[in-house]
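Below: one structure, written as structure tokens.
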Amino acid sequence: MLGLHKKWRSTFMEHWPDEVIALGLPMEQLMLSEQDRLAIGARTAAFREIFEIDEIPSFSDGFYAAVDEKTRVFPFGGHARLGGCSFKKPGHFQKSPIFNSRDLAPHILQENARVAGLLASSLQDNFEVGLFIRPWHPIPQWTEFRLFMKNRAFIGASQYFHMTVFPEIEANAGPIATALIDFTKSFLSVSHVDDGIVDVFVEKIDDTDWRAVLIDINPMIWRADACLFRWQNGGDFDGGLRFRGSSGRILSMAPLPFAGTSTHF
């Protein structure tokens with residue numbers, strides 16, 4: 001289980017200012033007690049070894065009722081995650097909305113090394129972890145993008161699922177780029193961090209306008225997926241928006257900030 005430097009915890013949702021939260025979907029927050037973190041983390045073998053756990057602990061009194069209260073805020077169901085990471089893992093992600101603690105259980109009561117690593121760090125380094133519920137909002141894969149920010153400047157953007165060709169991206173590259181530019185301006189005006197990897201999705205709001213919506217903020221570290229960019233040799237971030245064209249080749253809209261002439265690599 002790899003730890004995360006203390007300075008990067010500011011990217012966790014627990015530390016987002018209200019102005020940053022406003023750039024994403026609404027959310028409800030439930031802080032997890034030490035007992036709750038043990039109950040979730042102990043589903044993973046490595047976590048049990050670290051804390052010498054023989055029997056999986058139960059949740060704290062009131063945990064299930066608190067989850068039920070938070071999910072009721074969203075009548076069409078919600079999506080759950082921790083402030084520092086989601087519950088998704090290879091072969092498992094939330095495919096349908098949750099409406100109560102019973103629906104949440106399958107996502108949190110399973111072996112998950114990433115979740116267990118975060119919870120173990122929180123117990124060892126004594127920092128809080130929140131469970132966050134957002135309204136259920138289906139996000140097609142082609143609409144997700146990853147933005148890279150260094151020294152309060154965005155140095156590149158890429159489609160998130162970067163191994164796949166999505167015709168929708170190339171067909172709408174102009175308005176998508178505009179939506180990303182508008183988002184970066186709004187984000188920089190309120191951001192509490194100078195460096196980070198910012199995940200968003202884009203959506204069409206009327207016949208001509210699109211918007212980008214905040215999903216997550218991650219540390220700007222090599223362990224993160226650079227998508228269609230490369231970390232090696234100082235990185236090849238050029239301020240462009242990169243995506244796969246219909247031929248499968250990487251296309252780029254550049255120069256700064258993500259707009260201009262389309263070229264091939």
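The values are calculated or read from the model by the stated rules, or taken from the named source; none is laboratory data. What you see is a predicted model, and the numbers here were worked out from it, not measured in a lab. Positions of Cβ are generated from backbone atoms using ideal geometry, with glycine treated the same way; all protein chains shown enter the neighbour counts. Calculation scope for accessible area: heavy atoms of the full protein, side chains included, ligands and nucleic acids excluded. Shrake-Rupley method; radii C 1.70, N 1.55, O 1.52, S 1.80 Å.
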State, to one decimal in nm, how far the label point of GLN232 lies from the label point of ASN151, with both points 7 Å from Cα in the Cβ direction.
2.5 nm
In whole Hz, the Karplus estimates of ³J(HN,Hα) for the range 42-49 (6.51, -1.76, 1.60; θ = phi - 60°; x where Gly or Pro) are 5, 6, 10, 4, 4, 5, 4, 5
For SER60, distant residues with modelled amide H under 5 Å away
ASP36
Karplus ³J(HN,Hα) for the range 98-107 (6.51 cos²θ - 1.76 cosθ + 1.60, θ = phi - 60°; Hz, whole; x = Gly/Pro) runs 9, 10, 6, 5, 5, 5, 6, 3, x, 7
Kirkwood-Stokes translational diffusion coefficient of the range 120-265, alpha-carbon pairs, 20 °C, 1.002 mPa s, µm²/s:
133 µm²/s
After finding the eigenvalues of the alpha carbon gyration tensor for the range 165-207, what semi-axes result from the square roots of 5 times each, listed largest first in whole Å?
23, 12, 8
Sequence-separation-based contact order of the chain, relative, with Cα cut under 8 Å and 6+ spacing, percent
20 percent
Once you have a ≥ b ≥ c as the square roots of the Cα gyration tensor eigenvalues for the range 1-156, tell me rounded if a/c is under 1.5, and otherwise prolate or oblate according to whether a/b is larger than b/c.
oblate
Given the convex hull over the Cα atoms of the chain, what projected area results after averaging over all orientations, in nm²?
14.8 nm²
Quick check for you: with a 1.4 Å probe and neighbouring chains kept, what is the accessible area per residue of the range 1-156, in Å²?
51 Å²
Quick one: grab the alpha carbon gyration tensor of the range 80-151, order the square roots of its eigenvalues as a ≥ b ≥ c, and give me rounded if a/c is under 1.5, else prolate or oblate depending on whether a/b is larger than b/c.
oblate
Alpha carbon convex hull of the range 120-183, volume per residue in cubic angstrom:
172 Å³
Leaving out ligands, DNA and RNA, and with a 1.4 Å probe, what % of the accessible surface on the range 35-98 is carbon or sulfur?
52 percent
Taking a label point 7 Å from the Cα of ILE21 along Cα-to-Cβ, the residues of the range 115-143 whose backbone nitrogen sits under 17 Å from it are 128-136
Between ASP194 and VAL213, what is the label-point separation in nm under the 7 Å Cα-to-beta-carbon projection?
3.3 nm
Dimensionless Rg/Rh of the range 15-102 - Kirkwood Rh, Rg from C-alpha atoms:
0.99
How far, in degrees from 0 to 90, does helix 113-125 lean away from the longest principal axis of the Cα atoms of the chain, to the nearest 10?
70 degrees
